[in-house]
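Visitor: The structure that follows is given in the form of structure tokens.
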Amino acid sequence: MVELEQLLQQHFGYTTFRPGQKEVIEAIIAGKDVVALLPTGMGKSLCYQLPGYILNGPVLIISPLLSLMQDQVEQLKRFGEKRVIALNSFLHGTEKKVALQNLSNYRFIFTSPEMIASKMIQTVFQNLRFSLIVVDEAHCISQWGFDFRPDYLKITEWIPRQQRPPILALSATATKTVVNDIKTYLNMTNSFEYIHSVERENLHYDVVKTQSVEEKFDWIINHIKQTEGPGIIYSQSRKKTEAFAEVLNSNCIRAAAYHAGMGPEDRQFIQQQFLSGELEWVCATTAFGMGVHKENIRQVLHDHIPATMANYMQEVGRAGRDGKDALAILVYTPRDEDYTKYVVTEDLPELFHVELFKEYVRSGENPKKMLDLQQINETGFRVLSYWMEQLPAEEVAQKLESLKQQKIEQIFQVAAFVKGEHCMREKLVAYFDQKLEQKPMNCCHYCGIKYDDIIEKRSLASERKELYSWEERLYSILP
């Protein structure tokens, strides 16, 4: 048998594995289900890419975001792999039909949980013999499945229990509870687990308390005017991302807003500008981040209290992938947690939604009429429909209230983390059921931190590059 190191060099040009990669790959080849928690930048993708050249049959990768799929497809193509495809909304008409007819010819197939929910896709998949099923960013099963994207909880419904391929669940962060959710909803048996420490000694954590939204905004702008990027500003407000970008650009700092209200082409273009260095700052909602493999992000700023500790860890973890020092600053006001509560619970169905759904069923009408009459939004209806299928109607309202309380409790945890008087690094690591072995210099706000030791002051000679929309860029290229 060819040594794994030989295959690694042959297909990817690397001579050695990073910690955890070889152990995970060996378990997959042995036919075991695997849960692998590897920090951002540790090469999670290789854990399924290399087995794709060893196992007999296509590898299915279930991914949460279009941008993440497209990034992984392009990455494989850069390594010379042509038998790779993403089944998503970018495929239209004849292109999609041809792809489905020839799906068995591909080595790597990327798709989303919602696409798998399609009966047509399930029918096609039933005729394929996958060698491995991968759930990338598997924490989304627990983080999104119960109250945002319930199709995550249905992933294995179409997979036969007998003679199924091994399943690989990949994530950068997951608590013991989340790992248990992953194993339960993926029907994993006797799974191998590789859990790397979440500690990133090159990340340095700070919190800044301000008294008003205006003071917070001004602090962030002034900080960026004085320090070097590249960086990401995370905000819960689409309007705020646009406001940050506008003010930064007016100060000759190359920035762009990024949020789910933008078209996919625009979001893809901004991501590519950021990766290529044309943009120094991206001002984004949490729609931005997964699949953004930029090594030299020096700062991640939050203008709010995140919904969960896991969200915070995932977002700050996008900084310092090159191993060099990076700064994570959370700027908040005393009212921030109230706004976060509103944001994370606004899409959850209420008791009257449950009663409406039941009434439509009793009258023989399709409950989807709730959407047509704008009695509920799409996310709320998707969640409500799932729980009405899973539980007796009288238990659904109780379940939804339980989910709401869980979300609020998670916000309290983040608020306590932000406002506490103890080492932020210790609390982060402890949240993920791990223990901190040692603290680096400039550890965090409560242990002491000096920005000048971590990031460079902004150069006055920084030159502004003109930014163009993707339409303008295309027009300038084509005759």
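FYI, it's all coordinate maths here, none of it is from the lab. All figures in this text were calculated on a predicted structure; none of them were measured in a lab. Neighbour counts are summed over all protein chains in view; Cβ atoms, including those assigned to glycine, are modelled from backbone coordinates with ideal geometry.
Visitor: So what's the back-of-envelope 222 nm ellipticity for the chain, counting only DSSP H runs of four-plus at -39500 (n - 2.57) apiece and dividing by all residues, rounded to 500?
Guide: Working: 20 runs with 201 residues, N = 479.
After summing the helix terms and dividing by residue count, I get -12500 deg cm²/dmol.
Visitor: If you average the C-alpha positions of segment 144-210 and of segment 260-331 separately, how far apart do those two centres end up, in angstrom?
Guide: Comparing the Cα centres of segment 144-210 and segment 260-331, I get a distance of 21 Å.
Visitor: Here's something else I'd like to know. Give the peptides 337-350, 391-404, 88-101 in descending order of average Cβ contacts within 10 Å, highest first. Don't skip to the end; give the middle numbers.
Guide: On the way: 337-350: 16.9, 391-404: 14.6, 88-101: 12.4.
With the highest mean Cβ count within 10 Å placed first, the list reads 337-350, 391-404, 88-101.
Visitor: If you don't mind, there's one more thing I want to ask. Under 21 Å from the Cα of LYS96, which lysines turn up, not counting those fewer than eight places away in the same chain?
Guide: The reachable lysines, counting only those whose Cα sits under 21 Å from LYS96, are LYS77, LYS82, LYS119.
Visitor: A follow-up question, please. Percent relative contact order of the chain, based on C-alpha pairs within less than 8 angstrom and at least six residues apart? Before the final figure, lay out the partial values.
Guide: Numbers: 761 pairs, mean separation 77.8, N = 479.
It comes to 16 percent, rounded to a whole number.
Visitor: Another question, then. Considering only Cα-Cα distances, which of the following residue pairs are longer than 23 Å: LYS324/LYS439; LYS216/LYS419; LYS154/LYS294? Can you show the working numbers first?
Guide: Working: LYS324/LYS439 16 Å; LYS216/LYS419 16 Å; LYS154/LYS294 32 Å.
Beyond 23 Å between Cα atoms: LYS154/LYS294.
Visitor: Shifting gears a bit: Using packing as a proxy for protection, rank 36-44, 411-419 so that the peptide with the highest average count of other Cβ atoms within 10 Å comes first. Present the calculation step by step, with values, prior to reporting the outcome.
Guide: Working: 36-44: 21.3, 411-419: 17.2.
Most protected by this proxy first, the peptides run 36-44, 411-419.
Visitor: Still on this model: At a Cα cut-off below 13 Å, give the aspartates and glutamates reachable from LYS183, other chains included and same-chain residues fewer than 8 away excluded.
Guide: ASP33, GLU193
Visitor: Per-residue counts of other Cβ atoms within 10 Å, averaged by peptide: what ranking do you get for 161-173, 309-321, highest first?
Guide: 309-321, 161-173
Visitor: Percent relative contact order of segment 4-195, based on C-alpha pairs within less than 8 angstrom and at least six residues apart? Mind showing how you got there, number by number?
Guide: Working: 295 pairs, mean separation 60.8, N = 192.
Relative CO of segment 4-195 lands at 32 percent.
Visitor: Then there is this: Determine the dipole magnitude for the chain: charges of +1 sit on the beta-carbon of Lys and Arg, -1 on that of Asp and Glu, nothing else is charged, the reference point is the Cα centre, and the result goes in debye to the nearest 20. Don't jump to the answer; show the numbers that get you there.
Guide: Working: 54 positive and 62 negative charges, 201 e Å.
Its charge dipole is roughly 960 debye.
Visitor: Could you name the aspartates and glutamates whose alpha carbon sits less than 16 Å from that of LYS239, not counting residues in the same chain fewer than 8 places away?
Guide: Output for LYS239: GLU214, ASP218, ASP303.
Visitor: By its C-alpha gyration tensor, with a ≥ b ≥ c as the square roots of the eigenvalues, how is the chain shaped: rounded for a/c under 1.5, else prolate for a/b larger than b/c, else oblate?
Guide: Working: a/c = 1.39, a/b = 1.15, b/c = 1.21.
It is rounded, given that a/c, with a ≥ b ≥ c, falls under 1.5.
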